[in-house]
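Only one structure is covered here, and it is reproduced in the block below.
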């Protein structure tokens with residue numbers, strides 16, 4: 001693909017590798033010594049992205065209005081999404097595979113044009129809107145970490161009115177979140193903290209000291225309340241959980257404006273789903289050791305969700321497959337796939353976005369990105 005094919009885009013780059021199906025929105029400016037956009041990567045309109053090396057993996061997406069000033073390396077892994085309105089100032093930003101970062105992400109929030117201003121985010125993380133990552137010192141986030149809305153992580157803390165020479169403290173230290181950590185709504189993590197793998201920090205807690213793995217912590221300052229001792233579902237309860245999951249998903253499809261017709265007495269259980277110009281057969285096989293769901297479109301390749309360990313997806317996901325994967329994600333069944341998934345928009349919302357405004361002019365609203 002040639003640079004000239006991107007109308008309304010300003011590219012001031014040295015070495016360039018651009019794959020097939022790449023899209024860059026109008027009004028975007030990219031400044032880089034080296035630019036790598038793999039197949040299917042998307043950069044939204046009105047972005048300003050600047051880095052010595054800027055790299056977006058296959059199917060990765062940067063939402064509209066992003067403002068990135070990343071001195072050395074900005075890397076977005078395959079299938080990851082940084083939603084609209086992100087703002088990043090740091091030396092290095094790397095984001096793993098299949099991670100989602102919500103709207104208005106803020107990376108910086110301080111003196112972050114520094115040697116140790118590094119943010120590394122692992123694979124399969126889910127980060128909600130309005131999160132702040134201050135990175136005067138390194139912020140290291142492991143795989144499959146969940147960060148709720150309005151969480152703030154700080155790596156420095158000081159105030160000129162409380163100087164060290166008068167006996168006050170000043171903190172400059174990195175933060176590390178182990179794999180599988182979950183930070184609740186409006187939690188705050190202060191400099192020098194390490195949160196151990198699998199630990200949950202309750203909403204509005206302030207973490208001032210490191211926490212061990214596998215605990216629930218809450219309060220200001222956060223204290224360990226109890227150990228987490230989850231027990232994996234046995235085969236029977238796992239199959240029952242999958243059946244309940246599918247039932248909930250089919251109900252949600254009806255809300256979204258699709259028709260769902262159960263095939264009575266079918267073994268395994270089957271439904272016909274139709275709407276939006278398409279039709280599918282859905283089959284749930286929950287009476288075998290490993291439950292599975294097959295989505296078979298009227299034309300095209302079937303997709304199969306396997307609910308064993310690990311969770312698997314075979315075949316190619318169409319819009320219904322992406323909706324199921326997104327529904328599963330919300331229920332914490334995380335299926336690996338090369339791209340992030342987005343659920344089908346309910347018809348009652350879609351018709352308003354598609355409708356023309358009075359006087360014949362279009363409504364002018366873009367569909368929300370995910």
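Where a number appears in this text, it was derived from the coordinates with a stated rule and is not lab data. Since the structure is predicted, the reported quantities are computational estimates derived from the model, not experimental observations. In this analysis, Cβ positions are derived from the backbone assuming ideal geometry, glycine residues included, and neighbour counts consider all displayed protein chains.
General remarks:
- Neighbour counts of C-beta atoms inside 10 Å place 113, 345 in the sequence 113, 345, starting with the fewest.
- Overall form of the chain per C-alpha gyration tensor (a/c, 1.5; a/b vs b/c): oblate
- Rg over Rh for the range 17-131 works out to 0.93, both radii taken from alpha-carbon positions and Rh defined as the Kirkwood radius.
- Pairwise label distance in nanometres, residue 223 with residue 115, each label 7 Å out on the Cα-Cβ vector: 4.0
- Rg and Dmax of the range 235-350, both derived from C-alpha coordinates alone, stand at 13.3, 39 Å.
- 263, 256 arranged by Cβ crowding within 10 Å, fewest neighbours leading: 263, 256
- The order of 278, 80, 341, going from fewest to most other C-beta atoms within 10 Å of their C-beta, is 278, 341, 80.
- Each Cα pair under 8 Å and six or more residues apart adds its sequence gap; the mean of these over the residue count of the range 235-350 is a relative contact order of 18 percent.
- P(r) tail fraction, the range 129-170 - alpha-carbon pairs more than 12 Å apart, %: 68
- Relative contact order [Cα under 8 Å, 6+ residues apart], the chain, whole percent: 7
- Computed over the Cα atoms of the range 136-267, pair by distinct pair, the Kirkwood hydrodynamic radius stands at 17.9 angstrom.
- Highest-first arrangement of 230-239, 141-150, 169-178, where packing means the average Cβ count within 10 Å: 141-150, 169-178, 230-239
- Two-site FRET efficiency, residue 334 against residue 288, from Cβ-Cβ distance with R₀ of 30 Å, rounded to 0.05: 0.85
- Span from the the range 94-124 Cα centroid across to the the range 135-207 one, whole angstrom: 14
- Using 0.36 nm per residue and subtracting the Cα-Cα separation, the extra length available between residue 350 and residue 318 on full extension is 9.7 nm.
- Within the range 162-236, all pairs of alpha-carbon atoms sorted by distance into 5 Å bins from zero give the percentages 4, 16, 22, 21, 12, 9, 8, 5, 2, 1, 1, 0, 0.
- Geometric descriptor of the range 146-199, per residue, is 75 Å³ (volume of the convex hull of the Cα atoms).
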